[in-house]
Amino acid sequence: MGDEEYGDWEALVGAALLGTERRQGSPEALLDAAAVQTVRRRAGLRPAEAGPRPEPAPVDPRPAPPVAARRRLAQLLAGRAGAGSGGGRRGAAPDLTELLPQWLAAAGRHGYRSPAALVPALLDAARARTDLRPQALALAGARGMWLARLNPDWRFALRGGVGGAGQLPDVTDRAGVERLWQEGLFAERVALLGAVRAHEAAAAPRLLATTWATERAEDRLMFLDSLRVGLSEGDEPFLEAALGDRSRNVRATAAELLSALPGSALAGRMAERAVACVGPEGVIPPAECDAGMLRDGVVKRPPAGRGERAWWLGQLVEAAPLSCWRERFGGMGPAELVALPVAEGEVWREELHAAWCRAAVRQRDAEWSRALLGPASAPPAAGPGTASLAERAKLLETLPDAERADWVAEFIRAHGLSEAFQLLGVCVVPWAGALGRAVVDALEAAREAGSYPWSFSGVMGLAERCLDPAEAGRLEALTAGAEDPPDASPGAAAYWAEAFQRLVATLRLREAMLSELSPP
């Protein structure tokens, strides 16, 4: 039965649906006929009218990276290991996908743009990994935004992008700023607001006020969140008005920002409420959550497992200026206050200290953070303010970079690496000096002790991305294989040797990568 037996395309479809045996045919004949009919149908198509040609991509005036760096970016985007090394995360080969964020960050610091040919791959990477988006879209710049308008797969960039070089008007061009603010894409408006904020902090809330009433709730929230950068007393009138916003999330964010301004009226109201609950005589949590507290951002309903009064107390204390406690307690400083016993018991002490931790982080108060952290060598459970590593990590972020690194180095020397993962995550990269030495010494000690090696895989991965490449020389001696120590897990020595080989290879690669990005 040949293709002439099937006739037209509809007959082919019918035969495919009913089965060839019911039409006295064979599957091979049906496929042959379908192939012939497909060619006929394509040959008979009339070309459609050409659509309008898109406008040319805007010019990005930033320089392209050096040639070697462009090749490295293509390699990182492809996720391939270096020449001669095996693929996969296991083994001694570096994990290139984990180095891409560092390449993007370094390229941003140098002010480079993405090579034009790699913009599509860069957008694909940003689509797949949200952690890459800010830096990837900044590197893609105006061309990335132009492409995103043409491909539905990249539409995320139109809301999450950061604009790009050449797209924004000069911030002194009032007409241009107003036009883009009224007509631009969301990403362009976010970038414009940031540029206006950087030029004149007070101009950002003025610009926001011109369209605030007509913005969508989620957009109002993101615009409001952008005021964190450069937050000052000049923002208070706008934020105070936002306390009456129809969106609960917008109201909560406005209250949080106001509480980060110790001189704001909201901070004063919270201080008045907080000192009425906590003093030398003890802790008496609020009996109710009144309308004034609700307007000032206090959430009435506690999460599961939390008591209402404790929940309200914590919110009042964390929003009150930390300076109010010195007067309330007769001139005591943070260290003395944190050390005070709480007569009502350990539960209120934990609530109070946790709220003070949140206040120190919100108000970026290094003195209070030091008091709540205590000495790094002390056992975490005996810490003066908090034993929570998550809270300690946030407190550390308020300290100067060098002091933060020294505190974590001391913690590692006293307690090892197993408890330090979250703390290391807030240390500035690269880990150098005392911190780098402490990490390398602790890894070597864990290997020599025959520690269960797989429990250190997270720290090893972090070390690959964060250790100073200069530490590679010290680590070379640890790459050789050895016999498993007594009582060690089977295969532990081979694992450690492999992990150190990968660590050294990654540090060498990072060193080369950063060198390639340096301008000629």
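The values are calculated or read from the model by the stated rules, or taken from the named source; none is laboratory data. Quantities reported herein were computed from a predicted structural model and do not represent experimental measurements. Positions of Cβ are backbone-derived with ideal geometry, glycine not excepted, and every protein chain shown enters the neighbour counts. What goes into the accessible areas is simple: the full protein's heavy atoms, side chains included, and nothing from ligands, DNA or RNA. Shrake-Rupley method; radii C 1.70, N 1.55, O 1.52, S 1.80 Å.
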For this session: Go over the candidates 311, 348, 368 one by one and state the one that is without any contact (Cβ under 8 Å) to a residue 24 or more places away in the chain, outside any loop (DSSP other than H, G, I, E, B) and either in contact with a helix residue (DSSP H, G or I) (Cβ under 7 Å, 6 or more places away or on another chain) or not β-branched (Val, Ile, Thr) (or both).
Result: 311
Exercise. Name the pairs whose Cβ atoms lie under 6 Å apart, with the first residue in region 225-236 and under 17 Å from residue 263 (Cβ atoms), the second surrounded by 14 or more Cβ atoms within 10 Å (Cβ to Cβ) and among the aromatic types (Phe, Trp, Tyr), and 6 or more positions between them or separate chains?
Worked result: none
Exercise. What residue, of 275, 317, is assigned to a helix (DSSP H, G or I), open to solvent by less than 10 Å² (accessible area, probe 1.4 Å) and at negative phi?
Worked result: 317
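Going by what's in this entry, would residue 386 be described as over 24 Å from residue 441 (Cα atoms), modelled with pLDDT of 95 or more and of a type outside the set (A, V, I, L, M)?
On the way: over 24 Å from residue 441 (Cα atoms): yes; modelled with pLDDT of 95 or more: no; of a type outside the set (A, V, I, L, M): yes.
Considered against the rule, which asks whether it is over 24 Å from residue 441 (Cα atoms), modelled with pLDDT of 95 or more and of a type outside the set (A, V, I, L, M), residue 386 comes out as no.
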For this session: Considering every residue within region 343-353, establish whether at least one is under 31 Å from the mean Cα position of the chain (by Cα) and within 28 Å of residue 232 (Cα to Cα).
Result: yes
Exercise. Which residue pairs have Cβ atoms under 7 Å apart, sit 6 or more places apart or on different chains, and have a first residue in region 323-340 that is open to solvent by less than 50 Å² (accessible area, probe 1.4 Å) and a second that is among the acidic types (Asp, Glu)?
Worked result: 334/367
Problem set entry | Test result for residue 206, outside any loop (DSSP other than H, G, I, E, B), over 24 Å from residue 234 (Cα atoms) and modelled with pLDDT of 90 or more | no
For this session: Kindly establish whether residue 356 is modelled with pLDDT under 90, closer than 19 Å to residue 315 by Cα and crowded, with 17+ Cβ neighbours inside 10 Å.
Result: no
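For region 448-458, what are the residues that are open to solvent by less than 40 Å² (accessible area, probe 1.4 Å) and either at pLDDT below 85 or closer than 15 Å to residue 415 by Cα (or both)?
450, 451, 453, 456
Check region 28-43 and report whether any residue there is charged (D, E, K, R), part of a loop (DSSP other than H, G, I, E, B) and open to solvent by 100 Å² or more (accessible area, probe 1.4 Å). Please lay out each step first, then the result.
Here is the first cut: in region 28-43, the ones charged (D, E, K, R) are 28, 32, 40-42.
In the following step, the residues that additionally are part of a loop (DSSP other than H, G, I, E, B) were identified as none.
Scanning region 28-43, I find no residue that is charged (D, E, K, R), part of a loop (DSSP other than H, G, I, E, B) and open to solvent by 100 Å² or more (accessible area, probe 1.4 Å), so the answer is no.
Any idea which residue in region 149-167 is nearest to the chain's Cα centre (by Cα), counting only those that are of a type in the set (A, V, I, L, M, F, W, C) and modelled with pLDDT of 90 or more? Reasoning before the result, please.
In the first step, residues of region 149-167 are kept if they are of a type in the set (A, V, I, L, M, F, W, C); the result is 150, 154, 156-158, 162, 165.
Next, only the ones that are modelled with pLDDT of 90 or more stay: 150, 154.
Details: 150: 27, 154: 20 Å.
Checked region 149-167; the qualifying residue nearest to the chain's Cα centre (by Cα) is 154.
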Exercise. Of all residues in region 382-404, which are out of contact with any Leu (no Cβ under 6 Å at 6 or more places or on another chain), in a helix (DSSP H, G or I) and surrounded by fewer than 21 Cβ atoms within 10 Å (Cβ to Cβ)?
Worked result: 382, 389, 390, 394, 401, 402, 403
For this session: Residue by residue through region 204-243, note down the ones that are open to solvent by 20 Å² or more (accessible area, probe 1.4 Å) and either under 17 Å from residue 173 (Cα atoms) or among the β-branched types (Val, Ile, Thr) (or both).
Result: 206, 207, 210, 214, 229
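So which residues in region 168-191 are open to solvent by less than 40 Å² (accessible area, probe 1.4 Å), among the aliphatic types (A, V, I, L, M), touching a helix residue (DSSP H, G or I) at 6+ places or on another chain (Cβ under 6 Å) and modelled with pLDDT under 90?
Our first condition is that a residue be open to solvent by less than 40 Å² (accessible area, probe 1.4 Å); within region 168-191, this holds for 169, 176-177, 180-181, 184, 186-189, 191.
Within this subset, residues satisfying the condition of being among the aliphatic types (A, V, I, L, M) are 177, 180, 187, 191.
Filter again for touching a helix residue (DSSP H, G or I) at 6+ places or on another chain (Cβ under 6 Å), leaving 180, 187.
Within region 168-191, just 187 meets the criteria.
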For this session: Could you look through region 95-115, keep only residues that are free of Cβ contacts under 8 Å to residues at least 40 places away in the same chain and open to solvent by 40 Å² or more (accessible area, probe 1.4 Å), and pick out the one that is nearest to residue 510 (Cα to Cα)?
Result: 97
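Out of 414, 445, I need the residue that is open to solvent by 40 Å² or more (accessible area, probe 1.4 Å), in contact with a Ser or Thr (Cβ under 8 Å, 6 or more places away or on another chain), in a helix (DSSP H, G or I) and farther than 21 Å from residue 92 by Cβ. Which one?
Working: 445 fails: in contact with a Ser or Thr (Cβ under 8 Å, 6 or more places away or on another chain).
Criteria check complete, one pass: 414.
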Problem set entry | Which numbered condition residue 295 fails, given (1) without any contact (Cβ under 8 Å) to a residue 60 or more places away in the chain; (2) open to solvent by less than 10 Å² (accessible area, probe 1.4 Å) | (2)
For this session: Working only within region 371-425, note down all residues that are in contact with a His (Cβ under 9 Å, 6 or more places away or on another chain) and touching a residue at least 40 places away in the same chain (Cβ under 8 Å).
Result: 384, 385
Problem set entry | First in region 204-220 and of a type in the set (Gly, Ala, Ser), second anywhere and in a helix (DSSP H, G or I), Cβ under 7 Å, 6 or more apart | 204/193; 204/196; 204/197; 204/227; 209/238; 217/250
